[in-house]
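K.L.:
Pasting a structure below so you can have a look.
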Amino acid sequence: MRVHVVRPADLGAAEVERWRELQGSHPDLGNPFLAPEFVLGVARFRDDVRVAVLEDGPRVAGFFPYQRGPLGIGHPVGFGLTDLQGMIAPPGLRFDARALLRACGLSVWDFDHLLADQAAFVPFHAVRRVEPVMELAEGFEAFEAHMKKAAPKTHKTIRYKERKLGRDVGELRYEFASADAADLRRLMAWKSDQYNRTGRTDRFARPWIVKLVRHFHETGFGVLSVLWAGDEPVSTHFGLRNGPVMAGWFPAYDTRFGRYSPGMIGHLRLARGCAENGVAEIAMGRGGKEFKEGFKGREIPIAEGRVARPTPGAGLHWARTEPLNRARGAVLDNPVLYRRADRVLKAYARLRRRAT
């Protein structure tokens, strides 16, 4: 197996075509986070993105996109923003993972949403989890019928609040793909407020992420959906679309309408909008949101772990990240701990706002 490393912008048309061909070798490789548009987009605003091209004989066998930081610490492209990661290659492709790192100049490659069935990385899994997926290939009516059976209380509550929002505020309408930059600015403002209100890191405080989201919106790789009640925008969602697959990314809502659960109403409207616009599934991302159980039709097995070579950089990375990863994993896997941690973060955020 030969490996050569390039910047994403240096990939030729034939290589991008092969990338898309390989995405068809596994149903989950079509996820937008594994599409060339995502890697090329991130590389526009970060200088540390590279792609290892694996060749076996005359053909390209796979692509390994990654970010390389100081001391050779590697991550998936867009680490911290992505809900699916991995090689763009058939899942059974055999290669030496540590030899791949050596060819990439990496001491360690740290992952947290890796496709779990990629054989070469299986020995390096520390934890396996699942990511829920909304299935829409049979149309919205079939999806809603499934939801009524899987989560009747959730569905009934959403429909009740949907009617109440329409009565109290104004007639509801849903715009599946808004091209209005003002709608995107509103989403980012709402999302920043949510991050600060709940004690999370504000992703939109990072200029490169703001530029990236704007780029995806302008190019159409990102789909911005807006739920309106009368003249009031009440919830929004920004997802990435690769043909029939959407990856949920940034949902947000106006807290003035929080009692109507506008985010959940928006998710149901998003499902209808996707089904009517040729999207067969929505990957919802890992996380402790209980409402996702009612929306999901299947799950994608994912893994968290690290591939490391015996280098000082890898040792330092382990010492710095392992305790935090274990604590975070324990919280994610225990609903009681997740709710307690969520309350602690919100309390911390309230204290922080009072102090400023």
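K.L.:
Based on what the data block shows, is R98 out of contact with any Phe, Trp or Tyr (no Cβ under 9 Å at 6 or more places or on another chain), at pLDDT 95 or above and farther than 26 Å from K191 by Cα?
P.N.:
Yes.
K.L.:
Could you please tell me which pairs satisfy a Cβ distance under 6 Å, a separation of 6+ or placement on different chains, a first residue in the range 1-18 that is within 25 Å of R98 (Cα to Cα), and a second residue that is surrounded by fewer than 15 Cβ atoms within 10 Å (Cβ to Cβ)?
P.N.:
Close Cβ pairs (under 6 Å, with a partner that is surrounded by fewer than 15 Cβ atoms within 10 Å (Cβ to Cβ)) amount to M1/D56; R2/E55.
K.L.:
Please pick out the residue among G80, G57, G62, G69 that is closer than 23 Å to P310 by Cβ and among the small types (G, A, S).
P.N.:
The unique qualifying residue is G69.
K.L.:
Let me ask something else about it. With the requirement that a residue be under 21 Å from G266 (Cβ atoms), touching a Lys or Arg at 6+ places or on another chain (Cβ under 9 Å) and not in a helix (DSSP H, G or I), what does the range 181-201 give you?
P.N.:
The one that is under 21 Å from G266 (Cβ atoms), touching a Lys or Arg at 6+ places or on another chain (Cβ under 9 Å) and not in a helix (DSSP H, G or I): T198.
K.L.:
Another one. Consider E135 carefully, then state whether it is in contact (Cβ under 8 Å) with a residue 12 or more places away in the chain and among the acidic types (D, E).
P.N.:
Judged against the criteria, E135 is a match.
K.L.:
Among the numbered criteria (1) part of a strand (DSSP E or B); (2) under 16 Å from D183 (Cα atoms), which single criterion is violated by G266?
P.N.:
Among (1) part of a strand (DSSP E or B); (2) under 16 Å from D183 (Cα atoms), G266 violates only (1).
K.L.:
Criterion first (within 19 Å of the chain's Cα centre (by Cα), outside any helix (DSSP H, G or I) and on the phi > 0 side of the Ramachandran plot) does G80 satisfy it?
P.N.:
yes
K.L.:
Right, here's the next one. Within the range 217-240, how many residues are part of a helix (DSSP H, G or I) and either free of Cβ contacts under 8 Å to residues at least 12 places away in the same chain or at positive phi (or both)?
P.N.:
1
K.L.:
Do we find that V42 is among the β-branched types (V, I, T), under 26 Å from I282 (Cα atoms) and in contact with a Leu (Cβ under 7 Å, 6 or more places away or on another chain) in this structure?
P.N.:
When the stated conditions are applied, V42 passes them.
K.L.:
Also: Go through Q85, Q118, Q67 for me and flag whichever is polar (S, T, N, Q) and out of contact with any strand residue (DSSP E or B) (no Cβ under 8 Å at 6 or more places or on another chain).
P.N.:
Q118
K.L.:
Filter the range 28-77 for residues that are touching a residue at least 60 places away in the same chain (Cβ under 8 Å) and assigned to a loop (DSSP other than H, G, I, E, B); which is farthest from L114 (Cα to Cα)?
P.N.:
R46
K.L.:
Oh, and also: Restricting attention to the range 290-305, which residues are of a type in the set (G, A, S) and in a strand (DSSP E or B)?
P.N.:
A303, G305
The values are calculated or read from the model by the stated rules, or taken from the named source; none is laboratory data. These numbers come from a predicted model, not from an experiment. In this analysis, Cβ positions are derived from the backbone assuming ideal geometry, glycine residues included, and neighbour counts consider all displayed protein chains.
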